[in-house]
Amino acid sequence: MKKGTRRVLAMCLACLLVIGGMFFPVAKTAQAVDVVNVGTNAEFPPFEYINDDGEPDGFDMAIIKAIGEVEGFDVKITNMEFKSLVASLATGSLDAVIAGMTVTDERKQSVDFSDSYYTAVQCIVIRKEDADEITCLADLNGKKIAVQEGTTGDILCTPGEDNDVITDENTTVQRFKKGTDAIVTLNNGGVDAVVIDQNPAENFVANNADTLTLMEDDTSTEEYAIAVQKGNTELLEKINEGLAKIKEDGTFDKLVEEYINDNATEETTEKGFFANLKYVFVDTNGYQLMLKGLGVTIGISVCAGILGVILGFILALMKLTETRKKRKTVLSRIAGIYIDIIRGTPSMVQLLIMFMVIFRSRYAVLAAILSFGINSAAYVAENIRAGILAVDVGQMEGGRSLGFTYGETMRYIIMPQAIKNVIPALGNEMITLVKETSIVGYVAIVDLTKAGDFIVSRTYQAFLPLIAVAIVYYILIKIMTWALAVIERRLRQSDNR
Ligand code: GLN
């Protein structure tokens with residue numbers, strides 16, 4: 001085997017070891033029994049929501065922590081989409097779920113439920129101006145209804161065997177990831193009603209008292225319970241025992257008082273533009289959430305960018321063995337397959353596979369860095385390869401006839417010229433990368449986009465937070481573009497074109 005090929009192989013092996021090493025701790029910590037990994041969807045006030053510090057908080061969080069305290073386990077909260085909770089439990093990436101989750105026969109097939117800790121009903125939220133027109137469930141026929149995807153409200157509005165509430169074919173149901181998005185849409189006039197559990201419904205109405213109201217109607221009662229993986233009787237028993245203990249010693253009632261009964265919500269009054277700006281970004285700590293989110297966006301982008309450039313460079317060299325040998329080599333084939341697969345699949349799917357399948361819903365930031373780094377490498381590799389190939393062949397011949405080896409010619413003659421060709425494309429890739437990281441919210445990371453999303457949930461306003469997020473991204477990209485232009489100008493200083 002040639003020296004160059006050996007070097008590339010050694011580099012690949014080193015990279016694999018580094019990546020493999022990163023997975024190792026995952027396998028080890030997954031065994032720990034004293035930390036219970038609890039999933040929730042912090043979009044369901046007062047049971048779960050994001051507090052002023054950007055952390056999941058609420059009745060459910062307090063309950064599970066109190067149970068942990070009396071039963072001697074620590075609780076680690078993972079905030080994710082409601083729809084993914086049962087699946088994450090079934091695959092073992094979560095140990096328990098507490099999310100105002102109703103016990104249903106269908107869910108019972110995949111998970112086991114604890115004793116019930118709360119009884120609820122579904123409510124219908126409508127705009128005040130429609131209160132005369134929509135007075136009972138039948139009035140929803142032919143209307144546009146919003147629900148939170150995968151919830152009992154969704155089941156209630158989906159025509160099916162067990163459901164005859166909404167029978168009219170003209171009724172449309174829009175499914176949102178979050179209850180708050182449904183409420184914002186209702187406020188904007190995009191739908192006519194939102195079907196959601198009673199306590200969040202009351203909370204949403206209290207926060208939008210001048211525009212929204214509740215429609216009174218009876219729907220059957222539901223029981224909330226904590227879910228565990230099917231067959232995990234050990235944890236289930238602990239939870240039931242803990243629940244009984246905190247009910248007995250009065251902790252439970254105290255938490256009901258604190259989180260549910262005292263759930264004082266501010267009266268909304270019409271605010272002027274500047275007062276509203278202050279409310280959205282200062283009073284509710286929005287600017288701090290955004291700053292934290294910006295730090296996360298920059299951190300993930302920088303780490304993934306560095307990983308992408310290193311991996312991409314190795315891949316480019318692997319592919320170039322083909323040009324040198326004038327036939328396909330093992331290395332060029334491997335690089336070709338890598339690039340083909342990564343470029344042929346959406347980065348969102350790659351991120352979900354990395355986080356949920358490989359990392360089993362732990363170490364989200366590391367999973368995101370690896371996923372974006374691996375994704376970026378495929379594009380960087382092609383940029384670098386194109387940059388090297390753009391250097392005139394005469395340069396290689398010149399180097400070799402001066403007595404340089406292939407490696408030396410590459411290093412001293414080709415690469416310095418190739419870098420100039422590569423920088424603009426590489427810069428573009430980095431800009432794309434920063435914007436692409438905005439999907440990390442799907443794996444429970446609070447980046448800049450997700451921070452904006454939280455502010456929407458907390459303030460029920462979409463315009464200001466989303467425009468602010470867009471402006472911050474724009475400024476970030478502007479700074480990058482400017483830095484790139486400076487680098488490019490410096491590199492081209494020696495050119496006489
Ligand atoms: N109780 C509803 C359900 O279990 C909604 C729960 C939620 O949105 N967190 O489907």
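The values are calculated or read from the model by the stated rules, or taken from the named source; none is laboratory data. Keep in mind it's a predicted model, so treat the numbers as computed, not measured. Virtual Cβ from ideal backbone geometry, glycine too; neighbours counted across all protein chains shown. The area values use the complete protein model at the heavy-atom level, side chains included, leaving out ligands, DNA and RNA. Shrake-Rupley method; radii C 1.70, N 1.55, O 1.52, S 1.80 Å.
Key figures for this structure:
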read-out: Residue tally, condition under 19 Å from Cys136 (Cα atoms) and open to solvent by 30 Å² or more (accessible area, probe 1.4 Å), over region 181-209; value: 3
read-out: Count of residues meeting criterion [within 11 Å of the ligand (Cβ to nearest atom) and hydroxyl-bearing (Ser, Thr, Tyr)] in region 92-118; value: 3
read-out: Residue that is farthest from Gly68 (Cα to Cα), among those in region 201-242 that are among the small types (Gly, Ala, Ser) and part of a loop (DSSP other than H, G, I, E, B); value: Ala209
read-out: Residue within region 347-354 that is polar (S, T, N, Q) and more than 30 Å from Ala96 (Cβ to Cβ) present; value: yes
read-out: Within region 31-62, tally of residues that are assigned to a loop (DSSP other than H, G, I, E, B) and either open to solvent by less than 40 Å² (accessible area, probe 1.4 Å) or at pLDDT 90 or above (or both); value: 9
read-out: Selection within region 430-455 - among the acidic types (Asp, Glu) and either assigned to a helix (DSSP H, G or I) or in contact with a strand residue (DSSP E or B) (Cβ under 8 Å, 6 or more places away or on another chain) (or both); value: Glu436, Asp453
read-out: Some residue of region 156-172 being within 16 Å of the ligand (Cβ to nearest atom), assigned to a helix (DSSP H, G or I), modelled with pLDDT under 85 and open to solvent by 20 Å² or more (accessible area, probe 1.4 Å); value: yes
read-out: Residue satisfying condition, being of a type outside the set (A, V, I, L, M) and in a loop (DSSP other than H, G, I, E, B), within set Lys328, Lys254, Lys292; value: Lys328
read-out: Hits in region 137-154 (condition: within 15 Å of the ligand (Cβ to nearest atom) and in a helix (DSSP H, G or I)); value: Thr152, Gly153, Asp154
read-out: Filter result (open to solvent by 10 Å² or more (accessible area, probe 1.4 Å), in a loop (DSSP other than H, G, I, E, B) and away from the ligand (no atom under 14 Å from the Cβ)) within region 119-136; value: Ala131, Asp132, Glu133, Thr135, Cys136
read-out: Selection from region 370-423 of residues that are farther than 25 Å from Arg333 by Cα and among the hydroxyl-bearing types (Ser, Thr, Tyr); value: Ser401, Tyr412
read-out: Cβ pairs under 6 Å, 6+ apart, first in region 176-202 and in contact (Cβ under 8 Å) with a residue 12 or more places away in the chain and of a type in the set (Asp, Glu), second within 12 Å of the ligand (Cβ to nearest atom) and in a strand (DSSP E or B); value: Asp197/Ala120
